[in-house]
Amino acid sequence: MPLQDTVAAALPSWATLMAALILMASVLAYVVRLNLRLRHSKRVLEGEIAERRRAEERLADNEQRLRQIIASEPECVKLQTLDGILLEMNPAGLRLVEAGQPEEIVGTSVYRVIAPEFRAAYQALSEKVFQGESGILEFQIISLKGRRRWMETHAVPLTDARGQVVALLGITRDITARKRAEDEVRLHYRELAHAARVNTMGEMASGLAHELNQPLAAIANYSRGCLRRLRAGKDSADELARAFEQVCSQADRAGDIIRSLRRFVRKDEAPPRPVDLADVLREALLIAEPEASQHQVRIATEVVAGMAPVPGDAIQIEQVILNLARNAVEAMDEVDAGRRLLRIRVFPDANGVATVEVGDSGPGLPGDMLNPIFEPFFTTKANGMGMGLAICRSIVEAHGGTLGVRPNETGPGLVFRFNLPGMEETFDHE
Ligand SMILES: Nc1ncnc2c1ncn2[C@@H]1O[C@H](COP(=O)(O)OP(=O)(O)OP(=O)(O)O)[C@@H](O)[C@H]1O
Ligand SMILES: [Mg+2]
């Protein structure tokens with residue numbers, strides 16, 4: 001084969017050359033596009049990085065501002081874990097617990113400074129907060145220097161982005177001054193209540209003689225009776241024993257009266273007990289009935305069933321009923337025997353407050369006498385002390401109630417009425 005033909009055969013054809021050129025051009029275009037896309041991505045990435053940096057700066061600014069606010073906050077601000085480890089505490093908090101440096105308290109247990117008797121309550125509050133609830137607690141701390149102070153904490157859950165409680169955020173303030181003021185007010189009330197009682201004590205002292213008159217007279221009577229029987233030598237031992245039982249029960253009663261009077265004036269009085277007025281009336285009648293029958297007085301009682309017990313002192317309430325009943329019996333001496341009726345009613349008034357009425361069919365009193373009869377030592381009786389009604393009013397008022405009198409609406413005579421409010425109304429200030 002001639003040389004030219006051999007060279008011609010070895011050279012690529014025009015078509016192959018064109019195809020190669022086209023391939024190179026498209027590769028070049030791809031590289032250019034890739035380059036452009038990369039440059040774009042780089043710009044986006046740089047933008048994102050700058051945005052992120054700005055966000056981080058804003059976050060750091062916010063945190064710094066928040067820290068400054070918390071640091072300058074006059075109340076104690078703290079963060080703690082469920083088991084009481086303190087994560088953060090601001091300077092006001094450090095001052096409250098008397099820590100010189102944060103390390104003295106941060107990272108240790110908050111229970112170190114909570115007074116032992118309040119630890120359980122504080123633990124309960126922490127558990128509540130970690131269950132997602134907020135709470136308030138008043139408690140005492142013993143500072144790192146050993147000083148006791150009253151605190152009030154408002155605790156709220158601090159949650160992360162997923163809503164998980166990560167810490168207890170507590171804002172605590174020192175309420176020692178407020179607590180001291182409250183104590184003073186309470187003490188003042190107690191002093192006042194005591195002073196009021198001691199005032200009536202002067203009257204009560206004379207009243208003691210009044211209240212003990214009846215059981216002492218009964219003891220003297222029964223004892224004299226026993227002596228007579230013994231001297232006559234006629235009665236059996238059984239009959240004598242019965243008379244002596246009366247002596248004993250009257251002596252017990254005199255003791256009860258003295259004890260109840262002591263409770264009345266004692267400063268640290270025992271809490272009132274629930275008193276069933278139906279029972280009290282039954283007891284009072286055991287004493288009032290023999291006296292009434294001696295004076296030929298009939299007794300009618302009316303008790304609304306199922307009344308709630310009232311807080312108070314049963315013996316004192318019984319004395320009120322007895323004094324009113326005794327006055328009524330004595331007043332009815334002035335009217336015909338057949339018309340002597342003593343009415344005692346126990347019922348709830350329109351507001352549901354337990355009420356007792358003692359009415360008689362005696363001569364009554366003129367209107368201008370209805371107030372003075374409650375004054376101590378006011379009496380129209382030759383042998384009266386004028387203490388019965390004053391004692392009744394003191395006792396009723398000490399039970400938070402009122403005692404008053406009005407003319408009988410359905411006939412001659414007077415109706416005395418007193419009420420005994422329930423627990424809340426009576427002992428709000430105690
Ligand atoms: N039911 C009544 N009817 C009429 N007057 C009454 C009645 N109850 C009380 N009084 C009048 O009120 C006065 C004062 O009563 P109070 O019980 O305080 O004293 P007192 O009965 O006179 O003496 P005491 O101290 O011995 O009870 C009586 O003297 C009497 O004048
Ligand atoms: Mg009297």
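Please tell me if Ile395 is within 9 Å of ligand 1 (Cβ to nearest atom) and either within 41 Å of the chain's Cα centre (by Cα) or assigned to a loop (DSSP other than H, G, I, E, B) (or both).
On the way: within 9 Å of ligand 1 (Cβ to nearest atom): no; either within 41 Å of the chain's Cα centre (by Cα) or assigned to a loop (DSSP other than H, G, I, E, B) (or both): yes.
Against the criterion (within 9 Å of ligand 1 (Cβ to nearest atom) and either within 41 Å of the chain's Cα centre (by Cα) or assigned to a loop (DSSP other than H, G, I, E, B) (or both)), Ile395 does not qualify.
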Some residue of segment 410-429 being away from ligand 2 (no atom under 16 Å from the Cβ) and surrounded by 22 or more Cβ atoms within 10 Å (Cβ to Cβ): yes
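Just for segment 118-142: of the residues that are among the aliphatic types (A, V, I, L, M) and farther than 12 Å from His154 by Cβ, which one is surrounded by the most Cβ atoms within 10 Å (Cβ to Cβ)?
Taking segment 118-142 and keeping what is among the aliphatic types (A, V, I, L, M), we get 120-121, 124-125, 129, 136-137, 141-142.
Remaining after also requiring farther than 12 Å from His154 by Cβ: 120-121, 124, 141-142.
Working: Ala120: 10, Ala121: 13, Ala124: 12, Ile141: 25, Ile142: 17.
Here the answer is Ile141.
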Residues of segment 176-203 satisfying the condition of being under 29 Å from Gln80 (Cβ atoms) and either crowded, with 16+ Cβ neighbours inside 10 Å or at pLDDT 95 or above (or both): Lys179
Counted residues, segment 317-339 - those being within 12 Å of ligand 1 (Cβ to nearest atom), closer than 26 Å to Leu212 by Cα and surrounded by 14 or more Cβ atoms within 10 Å (Cβ to Cβ): 13
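Return the residue satisfying two criteria in turn: it lies in segment 370-391 and is assigned to a helix (DSSP H, G or I) and at pLDDT below 90, and of such residues it is nearest to ligand 1 (Cβ to nearest atom). Working first, answer last.
The initial filter retains those residues of segment 370-391 that are assigned to a helix (DSSP H, G or I), namely 372-374, 388-391.
Pick out the ones that are also at pLDDT below 90 and you get 388, 390-391.
On the way: Gly388: 2, Ala390: 6, Ile391: 8 Å.
The extreme case among them is Gly388.
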Residues satisfying the stated conditions in segment 320-363, i.e. under 14 Å from Gly401 (Cα atoms) and away from ligand 2 (no atom under 16 Å from the Cβ): Pro348, Asp349, Asn351, Gly352, Val353, Ala354, Thr355, Val356, Glu357
Members of segment 296-315 found to be crowded, with 17+ Cβ neighbours inside 10 Å and within 16 Å of ligand 1 (Cβ to nearest atom), listed by number: Val297, Ile299
Residues of segment 274-296 classified as assigned to a loop (DSSP other than H, G, I, E, B) and within 15 Å of ligand 2 (Cβ to nearest atom), total: 1
Number of the condition not met by Arg343 [criteria: (1) in a strand (DSSP E or B); (2) surrounded by fewer than 23 Cβ atoms within 10 Å (Cβ to Cβ); (3) under 37 Å from the mean Cα position of the chain (by Cα)]: (3)
Segment 355-384: number of residues that are surrounded by 11 or more Cβ atoms within 10 Å (Cβ to Cβ) and within 14 Å of Pro412 (Cβ to Cβ): 7
First in segment 364-376 and free of Cβ contacts under 8 Å to residues at least 60 places away in the same chain, second anywhere and within 16 Å of ligand 2 (Cβ to nearest atom), Cβ under 6 Å, 6 or more apart: Gly364/Gly413; Gly364/Leu414; Leu370/Val405; Pro372/Phe378; Ile373/Leu389; Phe374/Leu389; Phe374/Arg393
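The values are calculated or read from the model by the stated rules, or taken from the named source; none is laboratory data. Here the structure is a predicted model, which is why all the values come from computation and not from measurement. Cβ coordinates were reconstructed from backbone atoms using ideal geometry, including for glycine residues, and neighbour counts include every protein chain displayed.
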